[in-house]
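Note sheet for the following structure.
The values are calculated or read from the model by the stated rules, or taken from the named source; none is laboratory data. Nothing here was measured: the structure is a model prediction, and the numbers come from that model. Heads up, the Cβs are rebuilt from the backbone with ideal geometry, glycines too, and the neighbour counts pull from every protein chain shown.
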Amino acid sequence: MTTAWRDELERALAGAYAIERELGRGGSATVFLARDRKHDRQVAIKVLLPEVAPAVSAERFLREIQIAAKLVHPHIVPLIDSGRAGALPYYVMPFIAGESLRDRLYRDRTLPVDEAVRLAREVADALDYAHAVGVVHRDIKPENILIAAGHALVADFGIGKAMSAAADDASAAPDDRRQTTEAGLVLGTPAYMSLEQAAGERAIDGRSDIYSLGVVLYEMLTGAVPFAGLSAQAVMAKRFTEDAPPLRAWRADAPAAVERAAARALAREPSHRFATAGEFARALGDTGAEAATGAAAAGASGGVGPSIAVLPFANMSADPDNEFFSDGITEEIINALTRLRRLRVVARTSVFAFKGKAEDVRAIGARLGVRTILEGSVRRAGNRLRITAQLIGVDDGYRLWFEQFDRDSGDIFAVQDEIAQAIAGTLQVSLLGAPARAPAGDAETYELYLRGRHSANRRTESGLHKAIDYYRLALARDERHALAWAGEAEAWALRAVYGAVSPAEAMPRAKEAVARAIELDPARAEPRAVLGFVRAVHDWEWRDAEAELERAIQIDPQYPTARQWLAALIFTPTARHDRAMGTLADAIALDPLSPVLRVSRGASAYYARRYDDAIRAIDEAVEISADAALGIYFRGLALTELGRTAEAVESLERAAAADPASVEMIAALACAHARGGDAARARALLADLRTRQRERYVSGSLLAQVHAALGEREEALREIERAAEERAADLTWIAVRPGLDPLRGEPRFDAVLRRVGVASRR
């Protein structure tokens with residue numbers, strides 16, 4: 001929202017409410033925390049976005065809001081006021097000091113059966129009451145279910161109907177209806193929408209809400225919606241042609257009665273669902289004893305389906321430098337197991353969080369939400385290897401399988417396959433197609449590749465530089481090693497994004513390497529994902545980039561990096577913030593202890609102007625890894641936008657100390673000082689950046705933000721134009737970066753936006 005709109009809102013509400021700060025923003029509205037002057041209480045004010053408001057009839061919207069305001073129920077957030085601030089309709093609710101169900105699922109992924117059933121029953125009770133007086137919600141989803149004192153409260157009741165009716169009144173002609181769509185007015189959320197609502201039927205009834213609640217219940221119990229896809233169209237196609245997967249295939253401790261109730265709620269035909277939400281609630285209420293029995297049977301496994309975490313294999317060799325080898329074997333076994341049908345495999349980052357820690361496997365299983373743990377060791381002496389592996393059941397800590405492999409180092413690929421096959425037999429899951437493919441090349445080439453990946457995983461400038469050296473050595477031995485080509489391409493692309501080298505130096509090399517990787521092995525996910533990365537951050541070819549990342553996910557659905565890049569490099573830069581958050585949630589479900597993914601979630605929240613959400617996500621990342629410099633950096637940026645300058649400076653100084661070579665940290669620190677009124681300190685840091693620019697690459701986008709914070713518009717515009725000429729990678733986020741807001745509306749800035757291929761967002 002522009003400063004002008006917010007000023008207008010504050011003036012219009014000044015007599016009744018004092019706006020304190022923005023709480024969040026969605027596709028059609030912004031929510032502000034405010035103080036009710038008369039009653040001295042905190043309230044939440046939801047205001048339609050300026051780009052949405054012209055597409056609805058404010059009078060009809062407010063009439064429908066009045067109907068919804070009559071709802072009084074213990075599980076419904078009441079509407080206490082409404083009106084217009086200039087042309088913008090708004091409504092007021094009490095501020096609920098809790099969290100949304102979405103926040104809870106972000107944190108815990110799944111809920112205990114009894115809690116999920118209780119929350120679903122409370123929402124169903126609220127729906128039953130509202131439906132009885134003719135109000136259908138139309139947008140039941142975790143974001144609209146708040147949890148306060150352990151109980152569910154449904155928010156935004158009647159808003160969907162108000163938006164729909166108001167849009168109808170405003171759409172006197174087909175062109176006007178199209179304007180509503182283009183303005184971003186989304187009536188319902190695809191993943192939770194009933195089939196009749198998705199088909200555009202206007203006369204939907206309460207059974208549509210029952211369907212949506214069925215989806216929410218399924219997600220609370222399994223950590224995922226029953227129908228997933230790479231686009232809203234793909235999700236809809238599945239729902240029109242397929243039944244939801246059986247609930248207990250993914251949540252073994254769910255009672256059969258809960259599975260039956262969820263299946264009935266998710267029926268494609270409305271007539272096959274429960275007639276009322278009250279019936280749904282009663283069907284769930286009959287499952288208490290069965291739930292207790294099922295939970296006892298499931299034990300510590302958390303009730304998940306077939307699942308495994310491969311802990312980092314211990315390096316038992318005399319030479320500690322062989323640690324890269326034990327790490328590499330761990331990763332390759334993870335990769336092999338991801339090809340097993342119906343087996344959920346925890347991703348690398350989460351399991352490596354336990355490296356070197358002596359924790360009980362049952363506690364690890366509970367944290368990762370898995371039934372089995374694989375742990376082992378690697379001893380290397382000359383050309384001989386001894387690999388031990390044991391599979392442990394999380395429920396009781398008993399060993400399910402053990403094997404020792406004594407081999408020549410040249411047999412490493414066969415050993416990895418043997419371990420994966422043995423686990424497959426033990427878990428009684430079948431292979432998906434062919435057995436897992438071993439990497440191409442001889443053992444020495446493979447060792448060099450592992451060393452490169454070990455260095456790249458550090459995500460530092462020196463680590464990426466060293467990784468490229470190892471990949472080149474591997475390719476000197478075997479120029480057909482597709483994974484080494486893909487690794488080299490990724491390292492060059494990341495060096496450009498981190499600002500270590502210029503795009504002109506890094507990106508041609510990244511493109512050459514990834515093209516070679518795809519030529520050698522077009523069916524691998526890694527090179528496709530890297531190609532999508534390059535298409536986004538250098539070519540600004542958004543559709544091609546999105547297609548490549550989606551293709552990578554199709555090839556390997558358990559590859560969290562592809563989902564992370566799809567969210568961070570496609571959905572966030574193009575202001576599809578809800579899709580970014582949903583995609584990152586999917587990635588975190590695959591890799592729950594990854595600080596990188598949680599930092600990405602914080603960064604996406606920052607770019608969406610959800611600054612408190614950004615800080616919360618980044619604090620979670622820092623809890624996992626205290627030296628997450630990038631997370632501390634984004635925390636400082638969010639604090640800067642909230643006006644908490646002293647805290648921002650402290651965070652950014654910590655980030656700069658953790659990564660002294662990063663010019664991004666210095667630029668952000670300069671901006672924070674400028675925003676806080678210390679222009680002298682900001683100019684000193686700007687001079688430091690200019691000095692560094694003589695020796696290394698410094699993006700014009702960084703310098704533009706510092707000049708903008710100092711009020712130097714001409715210098716800022718000149719630097720942003722230089723960044724565009726150089727195709728600076730950090731221009732990927734130009735449309736959503738708050739630090740560039742002072743330049744929006746300038747013709748020269750708008751020309752850069754058009755060159756990047758995005759529209760300005762605020």
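Which of the residues that make up segment 242-266 are more than 21 Å from residue 109 (Cβ to Cβ) and either in contact with a Cys (Cβ under 8 Å, 6 or more places away or on another chain) or hydrophobic (A, V, I, L, M, F, W, C) (or both)? Outline the logic, then answer.
So the first thing to find is which residues in segment 242-266 are more than 21 Å from residue 109 (Cβ to Cβ), and the list is 242-243, 256-257, 260-261, 263-265.
Hits for segment 242-266 are 256, 257, 261, 263, 265.
So which residues in segment 203-226 are at pLDDT 75 or above and among the hydrophobic types (A, V, I, L, M, F, W, C)?
Those that are at pLDDT 75 or above and among the hydrophobic types (A, V, I, L, M, F, W, C): 204, 210, 213, 215, 216, 217, 220, 221, 224, 225.
For segment 365-391, which residues satisfy the criterion of being surrounded by fewer than 23 Cβ atoms within 10 Å (Cβ to Cβ) and either assigned to a strand (DSSP E or B) or at pLDDT 85 or above (or both)?
375, 377, 379, 380, 381, 384, 385, 386, 388, 390, 391
For residues that are buried (at least 20 other Cβ atoms within 10 Å of the Cβ) and out of contact with any strand residue (DSSP E or B) (no Cβ under 9 Å at 6 or more places or on another chain), tally how many sit in segment 132-154.
Qualifying residue count for the region: 5.
Only one residue in 569, 593 is in contact (Cβ under 8 Å) with a residue 60 or more places away in the chain, within 21 Å of residue 739 (Cβ to Cβ) and of a type in the set (A, V, I, L, M). Which one?
Being in contact (Cβ under 8 Å) with a residue 60 or more places away in the chain, within 21 Å of residue 739 (Cβ to Cβ) and of a type in the set (A, V, I, L, M) holds for just one of 569, 593, which is 569.
Here is a list of conditions, (1) part of a helix (DSSP H, G or I); (2) surrounded by 23 or more Cβ atoms within 10 Å (Cβ to Cβ), and residue 592 meets all of them except one; can you say which number that is?
(1)
Residues of segment 616-636 being in contact (Cβ under 8 Å) with a residue 24 or more places away in the chain, farther than 13 Å from residue 103 by Cβ and in a helix (DSSP H, G or I), which ones?
Within segment 616-636, 621, 622, 624, 629, 630, 631, 632, 633, 634, 635, 636 meet the criteria.
Please verify whether residue 601 is assigned to a helix (DSSP H, G or I), charged (D, E, K, R) and buried (at least 20 other Cβ atoms within 10 Å of the Cβ), treating the condition exactly as stated. Write out each step before concluding.
Working: assigned to a helix (DSSP H, G or I): yes; charged (D, E, K, R): yes; buried (at least 20 other Cβ atoms within 10 Å of the Cβ): yes.
Yes.
Taking segment 92-103, which residues are over 15 Å from residue 154 (Cβ atoms) and surrounded by 16 or more Cβ atoms within 10 Å (Cβ to Cβ)?
92, 95, 103
Go through (1) over 19 Å from residue 549 (Cα atoms); (2) touching a Lys or Arg at 6+ places or on another chain (Cβ under 8 Å) and name the single condition residue 505 misses.
(2)
Determine if segment 116-131 includes at least one residue that is within 19 Å of residue 46 (Cβ to Cβ), out of contact with any Cys (no Cβ under 8 Å at 6 or more places or on another chain) and part of a loop (DSSP other than H, G, I, E, B).
Checked against the condition, which is being within 19 Å of residue 46 (Cβ to Cβ), out of contact with any Cys (no Cβ under 8 Å at 6 or more places or on another chain) and part of a loop (DSSP other than H, G, I, E, B), segment 116-131 yields no hits at all.
Please verify whether residue 450 is part of a helix (DSSP H, G or I), under 21 Å from residue 325 (Cβ atoms) and modelled with pLDDT of 70 or more, treating the condition exactly as stated.
Values: part of a helix (DSSP H, G or I): yes; under 21 Å from residue 325 (Cβ atoms): yes; modelled with pLDDT of 70 or more: yes.
It is true that residue 450 is part of a helix (DSSP H, G or I), under 21 Å from residue 325 (Cβ atoms) and modelled with pLDDT of 70 or more.
How many of the residues making up segment 503-546 are closer than 21 Å to residue 336 by Cβ and among the small types (Gly, Ala, Ser)?
4
Of all residues being part of a helix (DSSP H, G or I) and either under 16 Å from residue 153 (Cβ atoms) or of a type in the set (S, T, N, Q) (or both) in segment 57-83, which is modelled with the highest pLDDT? Just the residue, please.
Filtering first and then ranking leaves 66.
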